[in-house]
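> The following block contains the structure, expressed as structure tokens.
The values are calculated or read from the model by the stated rules, or taken from the named source; none is laboratory data. Source: prediction; values computed, not measured. Here Cβ is always computed from backbone atoms with ideal geometry, including for glycine, and neighbour counts include all displayed protein chains.
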Amino acid sequence: MIGMLLAGNASAYGGDQESPQGLEQWQQPWSGESADTTDYRETWQGAGIGAIAGAIIGGPPGFIVGAAGGGLLGRHRGLEADLHSTRQAMAQLSQAERVKSGQLQTLTRQLAAAQSDYRQRLEVIARGFVQRIHFRTGETTLEPEDRQDLAELAAMLRTLDEWRIVLHAHADRRGGQGANQALSAARAEVVSHALIQQGVQPARISRQAHGETAARYSVNDPEGLVYDRQVVIRLQVGGAP
């Protein structure tokens, strides 16, 4: 039936009984590159369907137009398949990114919790820490054992940047208030300098000279006065010392 229609249409247009040149070209087997892809198969399948339909409807011109339209239809089907595969790949990638994002958020929360716990532990240690350096009457000289203690403290501070040092310097009640204030300030300076020599950054050290204002012992208690002549070292976490 299709052959008769093709022959009839060819006669109607005054052509030879042989197939038109365009038809012969479309009927030739595909002899292009050896790559056998789905896109080309679908293109030629579409072209064949379109060619037959076009020939039935409009003769050789319809054959050519139908073949071209059918080829585009087959190619379109191949593109639709590619687009579908691409969409699937994008969906999988999007899901993977969401999983990674969720994991990152979880790790961020865990890190924040660990940092908070670490800071709390440092604060507990700082509140319980106290070191005292005692001085002879009217003096600011450090004893050898005091220098050793300060060297050990500095070694610990160099490994923990979160801690700041506060020096509270004192004097006993003997002498005038002005002299005792200056004496306590000098004692704080000596201790601070010893820590800096051991590698502690000056910005981490704060000095407070109290003079005799915090003295607890009477001038008639020589043994007690030893504890008033001191520099008390305290720690605090973060911020300005």
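> Residues of region 162-172 being of a type outside the set (A, V, I, L, M) and either surrounded by fewer than 21 Cβ atoms within 10 Å (Cβ to Cβ) or within 41 Å of the chain's Cα centre (by Cα) (or both), which ones?
Passing the criteria: Glu162, Trp163, Arg164, His168.
> Okay, moving on. Does Leu157 satisfy being assigned to a helix (DSSP H, G or I) and farther than 24 Å from Gly211 by Cα?
Yes, satisfied.
> Out of Thr140, Thr159, I need the residue that is hydroxyl-bearing (Ser, Thr, Tyr) and surrounded by fewer than 16 Cβ atoms within 10 Å (Cβ to Cβ). Which one?
Being hydroxyl-bearing (Ser, Thr, Tyr) and surrounded by fewer than 16 Cβ atoms within 10 Å (Cβ to Cβ) holds for just one of Thr140, Thr159, which is Thr159.
> Looking only at region 180-221, count how many residues are outside any helix (DSSP H, G or I), surrounded by 20 or more Cβ atoms within 10 Å (Cβ to Cβ) and among the hydrophobic types (A, V, I, L, M, F, W, C).
Adding up the residues that qualify gives 4.
> I'm trying to understand the selection: among the residues of region 86-137, which are closer than 30 Å to Val219 by Cα and either within 26 Å of the chain's Cα centre (by Cα) or polar (S, T, N, Q) (or both)?
If the condition is that a residue be closer than 30 Å to Val219 by Cα and either within 26 Å of the chain's Cα centre (by Cα) or polar (S, T, N, Q) (or both), then Gln131, Thr137 are the ones that fit.
> Restricting to region 214-241, give me the number of residues that are free of Cβ contacts under 8 Å to residues at least 12 places away in the same chain and either within 21 Å of Gly178 (Cα to Cα) or of a type outside the set (D, E, K, R) (or both).
Qualifying residue count for the region: 3.
> Check off (1) surrounded by 14 or more Cβ atoms within 10 Å (Cβ to Cβ); (2) of a type in the set (Val, Ile, Thr); (3) more than 52 Å from the chain's Cα centre (by Cα) for Val232 and give me the number that stays unchecked.
Every listed condition holds for Val232 apart from (3).
> Here is a further query. Which one of Val231, Val166 is part of a strand (DSSP E or B) and in contact with a Leu (Cβ under 6 Å, 6 or more places away or on another chain)?
Val231
So that you can scan it fast, the table gives a plain yes or no per residue for (1) at pLDDT below 95; (2) out of contact with any strand residue (DSSP E or B) (no Cβ under 6 Å at 6 or more places or on another chain); (3) under 25 Å from Val124 (Cα atoms):
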{"site": "Ala154", "(1), (2), (3)": "no, yes, yes"}
{"site": "His168", "(1), (2), (3)": "no, no, yes"}
{"site": "Arg174", "(1), (2), (3)": "yes, yes, no"}
{"site": "Glu189", "(1), (2), (3)": "no, yes, no"}
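> Given the structure, is Leu142 assigned to a loop (DSSP other than H, G, I, E, B) and of a type in the set (A, V, I, L, M)?
Here the answer is yes, as Leu142 does meet what is asked.
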